[in-house]
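Let me begin by presenting the structure, written as structure tokens, before commenting on it.
The values are calculated or read from the model by the stated rules, or taken from the named source; none is laboratory data. What you see is a predicted model; the values in this text were computed from it and never measured. Here the Cβ positions follow ideal geometry from the backbone for every residue, glycine too, while neighbour counts run over all protein chains shown. Accessible surface is based on the protein model in full, side chains and every heavy atom, while ligands, DNA and RNA are left aside. Shrake-Rupley method; radii C 1.70, N 1.55, O 1.52, S 1.80 Å.
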Amino acid sequence: GKPCDLTGWWENDLGSKMHVLEVDSEGNFSGEYHTAVSSTDKPIQPSPLVGSQHLDKDGQCTFGFTVNWKKFSDSTAVFVGQCFSGDNGNEVLHTSWLLREKVDSLTSDWKATRTGHNTFIRT
Ligand SMILES: CN1C(=O)N(C)[C@H]2CS[C@@H](CCCCC(=O)O)[C@H]21
């Protein structure tokens, strides 16, 4: 299939949206993550993301990116995943993520990292 280019708008199963700006010749990209849910009670704002993808020709590239929730939370999320192109040409991103919340003391360090997985499709 044609190479998987992450540029564009994606939505995941939580209803969060991700906008990837252009992917450069090294596979590096930046964008914004528009989260649908949050554990903070501050108003949610779009948050910057930076990442890198492989530029395989088969359209099934792996990638990773980091979201800094700097606008409303002290947390950071990292995602890793792979792009799959379905037979009908539709692309789906299968990802795993780690969300690290800032905690007040070392004694709370054990409970500061959440993990999960979800999929994104193009909006
Ligand atoms: C909405 N989300 C989403 O689309 N995820 C894949 C997971 C991993 S990042 C988290 C949102 C964190 C928001 C900032 C915070 O509450 O600390 C959750």
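Structure summary
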quantity	calculated
The range 17-55 residues near the modelled N68 label - backbone nitrogen below 13 Å, point 7 Å along Cα→Cβ	31, 47-51
Eligible aspartates and glutamates near K111 by straight Cα distance, threshold 12 Å, same-chain separation 8 or greater	E101
Residues of type aspartates and glutamates that K2 reaches as a straight line, Cα spacing below 17 Å, ignoring anything fewer than 8 places off in the same chain	E22, D24, D56, D58, D87, E91
Accessible area per residue in Å² at 1.4 Å probe, computed on the chain	60 Å²
Calculated on alpha-carbon atoms, Rg and Dmax of the chain in Å	15.1, 50
Reachable aspartates and glutamates, given that their alpha-carbon falls under 13 Å from the alpha-carbon of K57 and they are not under 8 places away in the same chain	D5
Fraction of accessible area attributable to carbon and sulfur, the chain (%, probe 1.4 Å)	54 percent
Most fluctuating residue given options W69, W97, W110, as computed from a GNM of the chain linking Cα atoms under 10 Å	W110
Sites V78 and L106, calculated FRET efficiency, Cβ-Cβ separation with R0 25 Å, nearest 0.05	0.70
Residue among G89, G59, G81 with the largest mean-square fluctuation in a Gaussian network model of the chain, springs linking Cα atoms under 10 Å	G89
Loop trypsin sites (Lys or Arg not before Pro), the range 1-106 (other Cβ atoms within 10 Å of the site Cβ: 11 or fewer; DSSP)	K57, K102
HN-Hα J in Hz across the range 81-90 - Karplus 6.51, -1.76, 1.60, θ = phi - 60°, x for Gly and Pro	x, 9, 9, 10, 9, x, 4, 7, x, 6
Per DSSP, loop GluC sites (Glu not before Pro) in the range 15-67 with at most 12 further Cβ within 10 Å	E22, E26
For the range 103-120, 3J(HN,Hα) per residue [Karplus equation, 6.51 cos²θ - 1.76 cosθ + 1.60, θ = phi - 60°, Hz, x = Gly/Pro]	10, 7, 8, 4, 5, 9, 4, 4, 9, 8, 10, 9, 10, x, 8, 7, 10, 10
